[in-house]
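Engineer: Pasting a structure below so you can have a look.
The values are calculated or read from the model by the stated rules, or taken from the named source; none is laboratory data. The model shown is predicted, which means the values in this text are computed figures rather than measured ones. Cβ sites come from the backbone with ideal geometry, for glycine too, and all protein chains shown count toward neighbours. We work out accessible area using only protein heavy atoms, side chains counted, and drop any ligands, DNA or RNA first. Shrake-Rupley method; radii C 1.70, N 1.55, O 1.52, S 1.80 Å.
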Amino acid sequence: YEIAEVTGVQTCALPIFVDRRKTMADDGPKEGEVLFCGMTDWKMIGRGKTDNEDQYPNIIEPTRIATLKGISIAKVCGGSATSMCMVIATDGRVFTWGRNETGQLGLGDVDNRSAPTEVKALAGIKVVDGACGKSHTVVVTADGNAYAWGSNKHGQLGVGSIARTKPKEDDNRLAPVQCSVSACTAVSCGAEFTMWICGDDGRLLSAGLPQYGQLGHGTDGEYNMATSSVKLAYEAQPQPLVISALVGRKITKVASGHNHTIAVDAEGRFHTWGFGGYGRLGHKVQKDEWTPKMVEIQGGDRNLCPADCVVAAGQTTSWVTALMGQMYCFGRLKTTGDNTMYPVPFMDLQGWNLRSVACGATTYAACGEDQAITWGQGGGNGELGYGPDGPKSSANPKLVDSLGQKHVIQVACGVGHTLFLIKPSDAEGLPEWEPPADVPTPAAPGGKKRTSAAPKKGAPAAKKGKK
């Protein structure tokens, strides 16, 4: 700060800042081209290494996807627990690819996809936002509706019911179904639950698995399934309900990790709830919160989140920008070392004009200025994008060299992969990948399709180069 004049003798312990609520957005492009890095053998992500590196190579640096070239993309979508990818085109079309064992790609089947494929069931509907859970996907349309597909085992699709033709059969919706919400503006997905921001009053609704209190309704939904022995279960909530503890607070931003959520209100305060392990809720104790609780941050009301703050949630961490764009974090930030039990400034990103931050299961990505940054405990699949000569993991944020001096608009992460949305002209000259042709999942006896699950543990792997 440049101080022009100081008057008076009154002192205070902390500087009192004028609440300018600095705008972090810039005048750069809002749409671009998608780059991908990470594992491409979707059935094996999070389960082990591929047994066919020739067909499903690891992409170890940000790479253009041939099938998406020439399509203007407005948003890349991810989630800390997801093993699939979703992008939203400028014209509102939706493209998905990756693991599809519960129909989470929305393509009407359970076949994994290597190449981005348009969700034809949404043709003619303009989609503007979306998020991915462990086995489900949700999108928001320009007219305020929401559609979901994939696993509805816990009611996470928010369609009001769970359909089962057999007692133990899961409810998998292979094509988009409309959620029981209206006037929706944004969505976030945890592993097995969903949050929707709806209405001019910014009310927050949730549905899905209530374990750890992650739905924010004052209960974890736990009950005993058997009278003679202890067998605990959690009552699914298929109908989206307003989180009453936040009524009266207009929610403007929401982000969900595996089992917790962060919500920012219009006054610049933020709230967390759900699983409290490792301090990811920022309340100084490892305690689950069943209703939203405001997080105390250094400076209090003198240190508020700006209207366009950046918010992200990972498997065990939480991230939010406050006054002047300073990034604060809490939770288990590294695989080793102490937990951070309350918000502390993340000094490695101090001074950056951040546009986007995203969390995978154990990896992170951010973009700002003319650089992209990644860090975390990668699985050696290239998800950090450091290239053939770079490390497989990095405990601290590290620049992605191939994206230096390039304008990255947004980042998204999942399990074993990272997406970058880059200015189209800056994509020129970067490597390009042509996804292999997809092979449909073979049918089981009786004509019913098998799910594209991973090989059973202990099963012999196919020899490289042989069918």
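Engineer: Wholly within segment 169-256, which strands (runs of 3 or more DSSP E) include no fewer than the required count, namely at least 3 residues that are surrounded by 18 or more Cβ atoms within 10 Å (Cβ to Cβ) and in contact (Cβ under 8 Å) with a residue 60 or more places away in the chain?
Structural biologist: Qualifying strands (runs of 3 or more DSSP E): 172-178, 184-189, 193-198, 237-242, 251-256.
Engineer: Out of S135, S161, S114, report the one residue that is under 16 Å from the mean Cα position of the chain (by Cα) and farther than 21 Å from K253 by Cα.
Structural biologist: Step by step, each of S135, S161, S114 is checked, and only S135 is under 16 Å from the mean Cα position of the chain (by Cα) and farther than 21 Å from K253 by Cα.
Engineer: Are there strands (runs of 3 or more DSSP E) fully within segment 257-317 with at least 3 residues that are aliphatic (A, V, I, L, M)? List them.
Structural biologist: Passing ranges, in order: 260-265, 311-313.
Engineer: If a residue counts only when it is in contact with a Pro (Cβ under 6 Å, 6 or more places away or on another chain) and surrounded by fewer than 24 Cβ atoms within 10 Å (Cβ to Cβ), which strands (runs of 3 or more DSSP E) contained entirely in segment 73-166 have at least 3 such residues?
Structural biologist: Here the list is empty.
Engineer: Another question, if that's okay. With the condition kept exactly as written, say whether any residue in segment 290-303 is at pLDDT 95 or above, closer than 23 Å to C189 by Cα and out of contact with any His (no Cβ under 9 Å at 6 or more places or on another chain).
Structural biologist: Within segment 290-303 (the criterion being at pLDDT 95 or above, closer than 23 Å to C189 by Cα and out of contact with any His (no Cβ under 9 Å at 6 or more places or on another chain)), the answer is no, since none of the residues qualifies.
Engineer: Another question about this same structure. Could you list, in sequence order, all residues of segment 314-340 that are over 14 Å from A366 (Cβ atoms) and either free of Cβ contacts under 8 Å to residues at least 60 places away in the same chain or small (G, A, S) (or both)?
Structural biologist: Passing the criteria: T316, S318, A322, F330, G331, R332, T335, T336, G337, D338.
Engineer: On the basis of being among the basic types (K, R), closer than 30 Å to D348 by Cα, open to solvent by less than 60 Å² (accessible area, probe 1.4 Å) and free of Cβ contacts under 8 Å to residues at least 40 places away in the same chain, does R280 make the cut?
Structural biologist: No: the conditions fail for R280.
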